[in-house]
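Reading through the structure tokens given below for one structure.
The values are calculated or read from the model by the stated rules, or taken from the named source; none is laboratory data. Quantities reported herein were computed from a predicted structural model and do not represent experimental measurements. Virtual Cβ from ideal backbone geometry, glycine too; neighbours counted across all protein chains shown.
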Amino acid sequence: MPVANLQSYRTVSLRVHTAAFASQGQAVILENAVLAKLRQQCGFEQVGPPGATPADVVLDLNITNIGRGGGGFISNPNLATVDTLLVLTDGQDGELLGTSRIRGKSSGMIINSSQPEGEAIEVVAKTVGDLLAKSGCGGPRIARATPPVPPGPGAGSASEGAGSGSASEGSAAPPDDARRAEAEKLNEQGKEKLYSADIPGAMAAFQQANTLVPDARYAFNLCLVLGAQEQWDNAIVACRQARGMNPQPTLAAKIDTRLNLLQHRQ
């Protein structure tokens, strides 16, 4: 299914990671293959590795496993699989946009003496291109919405407007600075763990942040992590919780998009 609404993003940077030393070479091949697909299928004005100027959207692709044989009772040494985790981040505000697991699988036949891992990588690259095309990366770019003005005095703090649970009531006092700072630290730790494909660690960090200071951003990130685990029902619950926490319009739009994708996934 699509992962986000990418129609307003004009530039993209790609980061490919892997924790396994043996797959370092495969990471380079995957990066080149994905960049070629994005340039072919998307309408981004600029596609490439991270540069001095932050891109509008950052695509992190982590190789989580490379396998041979297929397992089971009958093993095929010519069958290769490459498992990856895709994470999309808004390059302007640093907030998460979407996640997806992608598996590339070779045909199980040797073609022109090529390595089956290369064929599996091509499947991953094609799937990434198709996924982003479904998410609106193709065609002319549309204007990006202007960020909303933070609410003034009496309407809650800016952090509450970004999605704190107490802001929806409009009466509770804002969280103290120390708790907010700790929650933000946990939220950032969760993102870094997600980029490195540590999904349990990311979930724990987002849960701790949301417990410390209920915030729509943290709940939305939980929704994305649950989606990465393909726990669709739990992801919907988390996104609905985030939607009910009085998020700012830009975040509310992201939550609505994700909820719609989860409810109509194919």
Quiz item: Being at pLDDT below 95, in contact with a Leu (Cβ under 9 Å, 6 or more places away or on another chain) and outside any strand (DSSP E or B), is that true of even one residue in segment 65-80?
Solution: yes
Quiz item: So which pairs qualify, if the first residue must be in segment 18-43 and in contact (Cβ under 8 Å) with a residue 12 or more places away in the chain and closer than 27 Å to Ser8 by Cβ, the second must be exposed (fewer than 14 other Cβ atoms within 10 Å of the Cβ) and of a type outside the set (Ser, Thr, Tyr), the Cβ gap must be under 7 Å, and the two must be at least 6 apart or on different chains?
Solution: Gly43/Gly139; Gly43/Pro140
Exercise. Scan Asn246, Asn210 and give me the residue that is modelled with pLDDT of 85 or more, crowded, with 17+ Cβ neighbours inside 10 Å, part of a loop (DSSP other than H, G, I, E, B) and outside the structural domain of Gln92 (by TED's automatic domain parsing).
Key: Asn246
Quiz item: Which pairs do you get when a residue that is in contact (Cβ under 8 Å) with a residue 24 or more places away in the chain, found in segment 91-115, comes within reach of a residue that is part of a strand (DSSP E or B) and basic (Lys, Arg), reach meaning Cβ atoms under 7 angstrom, with the pair 6+ apart or on two chains?
Solution: none
Exercise. Mind telling me which of the residues Ala22, Ala36 ends up being modelled with pLDDT of 95 or more, part of a helix (DSSP H, G or I) and not hydroxyl-bearing (Ser, Thr, Tyr)?
Key: Ala36
Quiz item: Can you name every residue in segment 1-40 that is more than 18 Å from the chain's Cα centre (by Cα), within 17 Å of Gly138 (Cβ to Cβ) and buried (at least 17 other Cβ atoms within 10 Å of the Cβ)?
Solution: Lys37
Practice problem: Report yes if Arg141 is at pLDDT below 95 and either outside any helix (DSSP H, G or I) or farther than 18 Å from Asn246 by Cβ (or both), otherwise no. | Solution: yes
Quiz prompt | Gly91 vs. criteria touching a helix residue (DSSP H, G or I) at 6+ places or on another chain (Cβ under 9 Å) and either closer than 24 Å to Gln231 by Cα or not polar (S, T, N, Q) (or both) | solution = no
